[in-house]
Each structure stands twice: as structure tokens, then as C-alpha cells.
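Encoded as C-alpha cells, the structure appears first; notes follow it.
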Amino acid sequence: MKQKKQITNKTIVFTAVLGSLVVLAMITANTLWAAWKTRGVTDDAVSEVSAFYLEEMADRRARTISNLISNNFEHMEKAVAFIAAEGIDSQEELRDNLGIVKSLLGLHRFALVDEDNIVYTQYTTYTGRSRHAFLSEVQDNDRVITTVTVYGSSKHLCLAIPTPELTLMGKKFKACFVQLDINEISDLLAFDDQNRANFALYAKNGGNLSGTELGPIIKQDNFFEALKGHIPEADWNSNYENFQNGQYGSITFDSGEMEETLCYVPIPETGWQVAVLIRESLIRDRIRDISQENFKTSINLILFAFVSVLVLAVILFRQLKQFSRQKLEEEKETSRSFRQLANTDSVTGVRNKHAYAENESIINRKIGAGEVEKLGVVVADINGLKHVNDTQGHAAGDKLIKDACVMICQHFKQGAVFRIGGDEFAVLLQGQGYESMQEVIDRFNKKVEENIKEDEVVVSIGYSVLTQEDHQLRDVFERADTMMYERKKELKAMGAKTRA
Amino acid sequence: MRKFLKTKIMLTVMAATLASTSCTGGTTADSGGESVSQTEVLLETVSGAVDFEHEPDSYVPKKDHYNFYFTYKTVHPWWDAVALGMEEAQRQYLEQGITITYEYMAPEGASAEDQIRRLEEAQKQDYDVIGVDVADDAIISPVLDEMIDNGTKVMTFSSSDAAEGCKRIAYVGNTHNYQDGADLTEALCEKLGYRGKIAILVGSVGAPCHEDRARGAKDTIAKYGDMEVVATEYDMDSVDLSYELTLKILEEHPDLDGLVCCNMSNPVGAARAVTETQHDVVIVGMDHDEEALRYLNDGVIYCLGVQDCFSIGYDTIQTAVKIADGNQPGELFPEKIDEITTVIYQEDAATMLAMLYGDII
């Protein structure tokens, strides 16, 4: 049974350790494989990701500008309706109302134009034919979207609508317009991905409208002038046509150390293209960084798992060890108890004949080895036990045995007392007990003799010591036993009861 | 800003110096006959020809709202550039809590009569200051005197001042038109080796700036015995008319060697005609028209005198505020606030084009 328990504990430990190692190996292998796989497909994915990413970014910016234009047209219509309803009679009132609608609707440089091409803004009134050439287009179109370069190279987007129903101060007004600074439009396009990509707005001829840089090759220069020599002529021509025709396109070119990809999309009605550029190597590096970070994280996880498993294993091992030790101690205790129980006389509590036999065996081995020099054996026998049992019952007999044992133990305190028969005890004396043996025997015998007179416990003892001729304990015991019988006779003569 | 101040201070000193010489401007001719533009010397680069960086001076306006009326010779891009300088000044005053409103009006064609009508109408309104780019100094100057006598605060601005002795309070703009004409012509003469037949295109009849430049041109040509003026024509600030007049001159003088153009429209029409007829004529002219700058870049035009229109507009508003507050020329501002002219050549054209018009569309 004990053997079976030890096997179970080992199995648990073995299974736990082996299982942990297998799990660790699987995680490690999976992580390494995933890292290798990611790196392997990165290059192939970069181009595809770049094109998709760039087109999405460019589209987003194009939509922003389209929405801006739509909102401005919508607000202009509201502004004209508001001003028409105000019944304005003077230029001061008109300026005040222009200020109100400009402020309320967020219109930049909102202006009305009368049929004489006089332009009215919140602060100024001026003749505007030469300054706003696009106004000549208004009457023939529902709305006009024009890009203009103002003296000083400031670039503006002008949006105009006709106002055929508007009459103020006795004058007919033919149009209204807003003028949006393209630099401010560029600010609107600076999304959160600004730091990861360059963007710029371009006119059909490739002229930079936004003043923003499109990477280290194109910079703020004319799109097509800058790309000359960086892409094949055929590509250059097809992209130029795309610009002219307001079509999407993308270009990948080598800028020396890096590969650059740009994507451009048209902005409806403006004649503009918004181009977004990103360096593929940046994407690749970024993806690799991410892979590297993931790999590091996985390694950390593995280490963490390894340490965790190790700690758990140690804890488990210690607990199992402790459990085993406890079990062993319990088994030892049980064995000891059983052994003690087997070697103890149930009536007197001293060691029994079995214990004596074990000790005899040990002593015999030591005698044989010459390890024992001084050994005394006292053999004791209770006088009259049978008589007591027969006349007073076994309970009284047991009491007599106990009293006799107590007397023997009280005298031979430094000896080992064994009950080796129903009324017979043996005392083994070594060391101090051996040295004081004779003195104790004398005192014991004297006590016995007194007890005869007082009708108390009478014990006959005989004794002997180990001699050089003795080969085993039995030799000594027999001499003591012979002497005990002699003493029993002697005591009978003194009046002690016997079996007879 | 420091460069701007330095320029302004030097120009002011120069204007005072030049005032002591009869009708000379910001340019002079040296004794050897070679012209040297003083204003050009002041500019380290051609990019300084137009100053777009202005800040209000330390003067504290007395009111929080001013209302002005400005009228100029004719609807034309040159004055649109002046308008941008005005708007920048208006914007900066607004940031200080001072509202400036104004009208900035002109007829489709230059006309002293139209200008008088506009001034009479403006005088009836409650404007703080009326500013005039004089269409014809002989006709307009008496009108301005009368307005001053009636208590109206009147100033002149842009490129044409009133006649000497006019009572107008101050002038902001080109004070050296005669010298500009002389400088351009000197460059032309040098280019031609001081010999040849020259035609002069002028803008509006009676417009002081145009007439002064034409005089400067004629006087310069007169210095050289092997040179003669074979024709003088007025395009009335019309490019189309300038083109037609040039064709006519070339037809009448197929051996023409040079053209002096005294306003902004002249060189555009002249270059178109010369290009079309394949004549080998050296053209010198005025101002910053984009088409003219492209002709300069292509070598069709030899040189252009570019005026700082932006600064004219900005300083006009700043001076008008001071005049409206009752100030007179003196410590706060001079009677004539001069603005620079820079002569640029083919090698400067691209820079000037990029600076004024960018590279689009």
C-alpha cells in the first residue's frame, strides 16, 4: 500500500512537469513561427497596404473639401435669403447684415456683387471686375468654383452663385461669393495621420496649391516638374493625363534610399487633385517594429509562463514533498504505535516478552561482536499469584501483577523491565543500572522480606552478570533464573505464599 | 520688419533729398550717363521689391471707427494690388478694435470728368478722409483745392499726385515717376548701344505718373544724339489698345529699335504685338502684370520697373487714419510718403512670378 502511494505522487509530479514543458514548447514554437511568418509576408503586403491606405487617406481629404464646398454654397443661399428679407436701404445696413451672416454662417469674405460689378463686403465697397474675373462666369452658371492666385501668391478658392432675385438699395445684385484661403483649407486636411503621411493639393498643371510638402523629392514644387527623371516617361505622361482629366492614380518611385508611394484623387468641380504620399519603407519598418514588439511580448509571455510554471511546479513539488513527509511520519508513527503496542504488556505497561526477544536478539549480536562488557540480568517471579487468582479472582491477580511490577520498576529505575511471563519479569541492567545492581537487589530483597510479614507483594529475584564465557544473553538469564528459584524457596521458608 | 523700417527710413531721407531737386524721384543718373537705381541698391534681393510684411506704427488712433472714400484712375489689376495692402491694414486695425470701412471705386476707363463726379458725390457723404489717385493733375488739382477749402480732408495716393501747390494734405505712393521713366529708358539705351529709333507708349492722357515717366524717357533719349523718339501713343490703360498701337507703330516704323512703356498695360500689349510680328524690338516697361512678367522671363521684355503696390495700399490707410484725426504732415508722417520701384530683368522674372503669382492653374 505504501509503495502504491509513492508511485501516484511521482506520477503527478512527472505529469505536471512534462505537461508544462509541452505547453511551453508549443507556445514557443507557435510564437517563433508566427514571427517568422509575419516577417515573411510583410514585404508583399506593404505595397497593397500602402495603396489602400493612401487612397483612403486621399479620399477622406477629397470628401472634406467637397463637403466644405457644399456647405459654403448652402450657407451662401441662406445668407442671400436672410439679406433679401431684411429690407436693406443703405450701405451701412448692408455692411452690418453682411457682418451678421458672415459671422453666423462662418463664411469667409462673403461678398455681394451688383450689376455694375461693385463688390460689397462687411468693411469695403469696391469696383471688382478686374479683381474677380470669375464673376463674368456667374450669370451663365448656377454656381462657379474657381481657383485664383491673389497678388502676393496667396491662393484662394472662390465660390460664387447668381442672385437674380436680389435687389437692395434700388440696385440689382447679380451674384454673391466667398473666398477661401487654401492655406486654411490645408489646415482642415491635417488629420491625425499627418505625421505619417505627406499631402498636398495640386492644380491641373501640377502646381502646388496648399504650400505643403509632398516628401523629399517633390517638396513644394510643381508635381510633374519634380517627378521628371524619377518615373518612366510613359508613366509621367499617363499621370499628367490623369491630372488633366480628373482621374485617380498612384505612383511608386525610388527616391534613392527609399521607395515612395503616392496616391492622388480628384476633388470634384475644383480641378484639383489631392495627393498623399507615404514611404513604403516607413510602413515596412513600422510593421516590422510591430512584429518585433509582438515577438518580444510573446517572449515575455513565454518567460512569464515558464517562470509561472516553474514556481507552480516548485510549490507543487514542495507540497507533494511535504505531503509525502507527513504521510511518512504518520506511517512511522503508526508503525511505532503498532510496534509499541506489540512490545508493551497490556496489564503492566512495561515491555513484554516480544520486546524482550527483540532486545535479546540485539544484545546477542552485540555480545557476539564484543560490544557489551557489562550486563546484568535480573529475573523476578511473583510469589502466590495463582493462589490469588484462585481465591480472589483474576482482577486481584492482575492487581498483584501490577503491584509487583511497580515495585520492580521503582527499584530498578535504571534498568529495562520486561514482563516475560504471567508472573515472571526480567530486568536488563547496563551502564549505571549495572553498577548499582547489587545495591538495588539488596534493597529489593529486604523490601520483599518486609512484605512477607505485612502480607504484601512478594517477588523472588535471581540475578547474574555477563561473563567471558557467555555467548548469549540466555546464558546469563539461565543463571539468574536458577538463582531466582533458589530465592523463591528461601522466601517460602520465610512464610511467603507459593503456587502450592 | 527691421528691413522694412530701414528701407522706409532711407527712402524718407532720400525723398527729402530728392525734393530739393526738381521733379526727380527715387532714381538718379550718374555723370557718366549710366543709371543707377538708388532704391534698387537698397534692396538686397528682388524679393524685397514688394513688402508684404507690415505692422501698424506706434500712432494711437483717436476713434474706433473710420470711414474713407478712395477713387483711382481706372479699374485695373494694378490698383487691385493696392487694394490688398489696404485690406491688410484694415484687418490689422480691426485686431486692435478699430473698425475701418471704405469705398474703393474707379471707372472702367480713366476719366477726369468721372473722377470729379465721384469726388462731388463723395463730398456730400460723411467720410473722414477722401483719397484720390489723380486722373489728370491739371483738372483734378483745383477740385481738390476746393474740397479742402470746404473742410473736406483730402489726400492723394497710389502713383499720381496732384499738381505742385495743390492743397491736398498728403500723398502716399510713387514720388519718382519721372526718374522711373528715365531709368527704364537708360537701360534701354544702354542695351541698344545708345543708338536707334524709340517709340513711347503712355497710359492715360494727363495722368501724372504716366506723363512724368514719358517725360523722363524723352529727356533721357534726348541726351543721346544717335537716338530719336519716332512715336508717342496713349493706350488709356487698355492692353488691347496698347497692342493695336504697337502694331501701328511697327507698321509705320518697321526699323523700330525700342519701346518704352510707361504704365502696366503698355508692355503687355507691346510684347504681344512684337511677338506676333517677330520684330526685334527691345521693350522696357512698368509694373508687375503676370503676362508681362512671363514675357520678361521669356526675354521678350528687357526690363520692368515694379512698384510696391501692397505698401502703397497699406500706408494709404495708415496715413488716412492720422489725417482723419486732424493731423498734418510733420512728425507723424511726411507730406509725401514715397514707395519704392525696383527694376528687374530676365533673371529676376521667375522669382517675381513665384512671389506674386505662384505656379498654378
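The values are calculated or read from the model by the stated rules, or taken from the named source; none is laboratory data. Given the structure is predicted, the values throughout are model-derived calculations rather than measurements. For neighbour counting, all protein chains shown are included, and Cβ atoms are generated from backbone atoms with ideal geometry for every residue, glycine included. For accessibility, only protein heavy atoms count, side chains too; no ligands or nucleic acids. Shrake-Rupley method; radii C 1.70, N 1.55, O 1.52, S 1.80 Å.
Would you mind computing, in nm to one decimal, how far apart the modelled labels at residue A:289 and residue A:142 are, each placed 7 Å from Cα along Cα→Cβ?
According to this spin-label approximation, the distance is 4.8 nm.
Around residue B:61, what is the net charge, scoring Lys/Arg as +1 and Asp/Glu as -1 over all other residues with Cβ under 9 Å from its Cβ?
On the way: positive: B:62, B:63, B:322; negative: B:64, B:325.
Here the count lands on +1.
Could you derive backbone 3J(HN,Hα) for region B:137-152 from the dihedral phi with the Karplus parameters 6.51, -1.76 and 1.60 (θ = phi - 60°), listing whole Hz in sequence and x where the residue is Gly or Pro?
For region B:137-152, the Karplus-derived couplings read 5, 5, 8, 7, 3, x, 5, 5, 4, 5, 5, 4, 4, 7, x, 7 Hz, x marking Gly and Pro.
Once both axes come from the Cα atoms, what is the angle between helix B:346-357 and the longest principal axis of chain B, in degrees from 0 to 90, rounded to 10?
Taking Cα atoms only, the helix is inclined about 30 degrees.
So which lysines can residue A:413 reach, going by Cα to Cα under 20 Å and dropping same-chain residues fewer than 8 places off?
Output for residue A:413: A:353, A:374, A:402, A:446, A:447.
Determine the relative contact order of region B:96-208: mean sequence separation of Cα pairs under 8 Å and six or more apart, normalised by residue count, in whole percent. Could the numbers behind the result be given before it?
Numbers: 123 pairs, mean separation 26.9, N = 113.
Normalised by residue count, the contact order of region B:96-208 is 24 percent.
Relative to the longest principal axis of the C-alpha atoms of chain B, give the angle of the C-alpha long axis of helix B:265-277, reported between 0 and 90° and rounded to the nearest 10°.
20 degrees
Amide H neighbours of residue B:171 under 5 Å, counting only residues 5+ apart in sequence or on other chains, H built in-plane at 1.01 Å?
Answer set, sorted by chain and number: B:156, B:336, B:337.
For the modelled label position 7 Å from the Cα of residue A:341 along Cα-to-Cβ, which residues of region A:352-386 have backbone nitrogen atoms closer than 18 Å?
Counting backbone N atoms under 18 Å from the label point, the list is A:352-355.
At a Cα cut-off below 23 Å, give the lysines reachable from residue A:102, other chains included and same-chain residues fewer than 8 away excluded.
Residue A:102 reaches A:78, A:155, A:171, A:172, A:174.
Percent relative contact order of region A:353-493, based on C-alpha pairs within less than 8 angstrom and at least six residues apart?
Details: 202 pairs, mean separation 46.1, N = 141.
Relative CO of region A:353-493 lands at 33 percent.
What FRET efficiency would be calculated for the residue pair residue A:93, residue B:146, taking the C-beta separation as r and a Förster radius of 30 Å, to the nearest 0.05? Could the numbers behind the result be given before it?
Details: r = 32 Å, r/R0 = 1.05.
The calculated FRET efficiency here is 0.45.
Counting other C-beta atoms within 10 Å, and keeping those with at most 16, which DSSP coil GluC sites (Glu not before Pro) do you find in region A:199-271? Walk me through the numbers on the way to the answer.
On the way: sites: A:213, A:225, A:233, A:241, A:257, A:259, A:260, A:269; in loops: A:213, A:257, A:269.
Those satisfying the criteria are A:213, A:257, A:269.
Return the whole-Å distance between the Cα centroid of region A:172-186 and the Cα centroid of region A:461-493.
If we compute the Cα centre of each part, the gap is 138 Å.
Sticking with the crude label model, points 7 Å out along Cα→Cβ, report the distance from residue B:328 to residue A:312 in nm, one decimal please.
Placing both labels 7 Å along Cα→Cβ, they lie 10.1 nm apart.
Can you list the HN-Hα couplings for region B:287-302, worked out from phi with the Karplus curve (6.51, -1.76, 1.60; θ = phi - 60°), rounded to whole Hz and with x for Gly and Pro?
For region B:287-302, the Karplus curve yields 6, 10, 3, 4, 5, 5, 5, 5, 5, 5, 4, 7, x, 6, 9, 7 Hz.
What figure in square angstrom, to the nearest 10, would you give for the accessible area of residue A:321 with a 1.4 Å probe?
The value for residue A:321 is about 110 Å².
Can you work out D for region B:241-357 in µm² s⁻¹ from Stokes-Einstein, where Rh is the Kirkwood radius over C-alpha pairs, the temperature is 37 °C and the viscosity is 0.692 mPa s? Walk me through the intermediate numbers first.
Working: Rh = 15.9 Å.
Answer, rounded: 207 µm²/s.
At 1.4 Å probe size, with no ligands or nucleic acids counted, give the accessible surface of residue A:185 in Å², nearest ten.
Result for residue A:185: roughly 0 Å² accessible.
What is the spread of the Cα atoms of the protein assembly as shown along each of their three principal axes, largest first, in whole Å?
That gives 187, 61, 60 Å along the principal axes, largest extent first.
From largest accessible area down, sort A:402, A:446, A:102; use a 1.4 Å probe on the protein chains. Write out the running numbers ahead of the final one.
Working: A:402 95, A:446 125, A:102 60 Å².
Correct descending sequence by accessible area is A:446, A:402, A:102.
Can you grab the distance from the C-alpha centre of region B:197-264 to the C-alpha centre of region A:377-409, Å, no decimals?
Rounded to whole Å, the Cα centres lie 165 Å apart.
Return the lysines within reach of residue A:327: Cα separation strictly under 29 angstrom, same-chain partners fewer than 8 residues apart disregarded; answer none if there are no such residues.
A:2, A:4, A:5, A:10
Using the basic label-point model (7 angstrom from Cα toward the beta carbon), what is the residue A:172 to residue B:62 distance in nanometres?
It is 4.6 nm.
According to the Kirkwood expression over distinct Cα-Cα pairs, how big is the hydrodynamic radius of chain B, in Å?
Working: mean 1/r = 0.0488 Å⁻¹.
Value: 20.5 Å, from the Cα pair sum.
Taking Cα centroids, how far is region A:48-96 from region B:41-106 in Å?
Comparing the Cα centres of region A:48-96 and region B:41-106, I get a distance of 28 Å.
If you average the sequence gap of Cα pairs under 8 Å that are 6 or more apart and divide by the length of region A:96-152, what percent do you get for the contact order?
On the way: 41 pairs, mean separation 10.7, N = 57.
For region A:96-152, the relative contact order is 19 percent.
Using θ = phi - 60° and the Karplus curve 6.51 cos²θ - 1.76 cosθ + 1.60, what whole-Hz ³J(HN,Hα) does each residue of region B:102-117 get, with Gly and Pro shown as x?
3J(HN,Hα) across region B:102-117, in whole Hz: 7, 10, 9, 10, 7, x, 5, x, 4, 7, 5, 5, 4, 5, 4, 4.
Apply the Kirkwood formula to region A:1-337: the hydrodynamic radius equals the inverse of the mean of 1/r over all pairs of different alpha-carbon atoms; give it in Å with one decimal. Please report the intermediate quantities before stating the final value.
Values: mean 1/r = 0.0385 Å⁻¹.
For region A:1-337, inverting the mean 1/r across all distinct Cα pairs yields 26.0 Å.
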